[in-house]
Amino acid sequence: MNEARELLRLSDVTEVPLQASKWLQVQALLDDSEMDLLFQALGDFYLFRAGAICLPGEEEISKEEFLDKYRSYIAQLKKGELPEENAYRAYFSSILSVAKDHLFQIPVNGGRALIRLSRPVIQLQLCRIAYSEIDGKFYPMVFGQGSFFLGIAIFLSSAFSRCH
């Protein structure tokens, strides 16, 4: 599905992107074999950089590229190392879509373009967790001091609109 990387549809700043007000989410730390199985179960889909400013042709991430990066991440965890977040952010903050027309790009400086959503998609995000001494629990999606990167969060918009 990713052999011939076609460019996303070009738009301009007047096109209003999808606005999501409610998301279903799940945090996951899958083994690399489980991520492979998840991708197989999802069937045909595309991966794109979320909210990124890209040069033409850089907006899409191949499934193989994503899975290789994920395998590297899991290998580091298995060695007892805490992976560097910056090495994985572009991959683990991405968009899964069954169709390229669910996204568009808006040209910005230097021949680059900003990737925006036009329809609901599945979004991935780095999952940061933190431990609360008070509660004796780990809390997901905490971005403050003492939090660290562990796994991914999967989001699906359940309430959305295209405001004009």
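The values are calculated or read from the model by the stated rules, or taken from the named source; none is laboratory data. Values in this document were obtained by computation on a predicted structure and should not be read as measured data. With ideal geometry, Cβ positions are generated from the backbone for all residues, glycine too; neighbour counts draw on all protein chains shown.
Results for (1) modelled with pLDDT under 90; (2) more than 25 Å from Ala41 (Cα to Cα); (3) acidic (Asp, Glu), shown as yes or no for each residue.
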residue	(1), (2), (3)
Tyr88	no, no, no
Ile95	no, no, no
Leu117	yes, no, no
Ile129	yes, yes, no
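How many residues, within segment 130-149, are surrounded by fewer than 18 Cβ atoms within 10 Å (Cβ to Cβ) and in a strand (DSSP E or B)?
8
Restrict the check to segment 101-111 and report whether at least one residue is in contact with a Phe, Trp or Tyr (Cβ under 8 Å, 6 or more places away or on another chain), modelled with pLDDT under 90 and within 29 Å of Asp44 (Cβ to Cβ).
Looking through segment 101-111, at least one residue is in contact with a Phe, Trp or Tyr (Cβ under 8 Å, 6 or more places away or on another chain), modelled with pLDDT under 90 and within 29 Å of Asp44 (Cβ to Cβ).
When you go through Ala41, Ala90 one by one, which is the residue that is part of a helix (DSSP H, G or I), loosely packed, with under 14 Cβ neighbours inside 10 Å, out of contact with any helix residue (DSSP H, G or I) (no Cβ under 8 Å at 6 or more places or on another chain) and among the small types (Gly, Ala, Ser)?
Ala41
Got at least one residue in segment 106-119 being in a strand (DSSP E or B), among the small types (Gly, Ala, Ser) and either buried (at least 17 other Cβ atoms within 10 Å of the Cβ) or touching a Gly at 6+ places or on another chain (Cβ under 9 Å) (or both)?
Looking through segment 106-119, at least one residue is in a strand (DSSP E or B), among the small types (Gly, Ala, Ser) and either buried (at least 17 other Cβ atoms within 10 Å of the Cβ) or touching a Gly at 6+ places or on another chain (Cβ under 9 Å) (or both).
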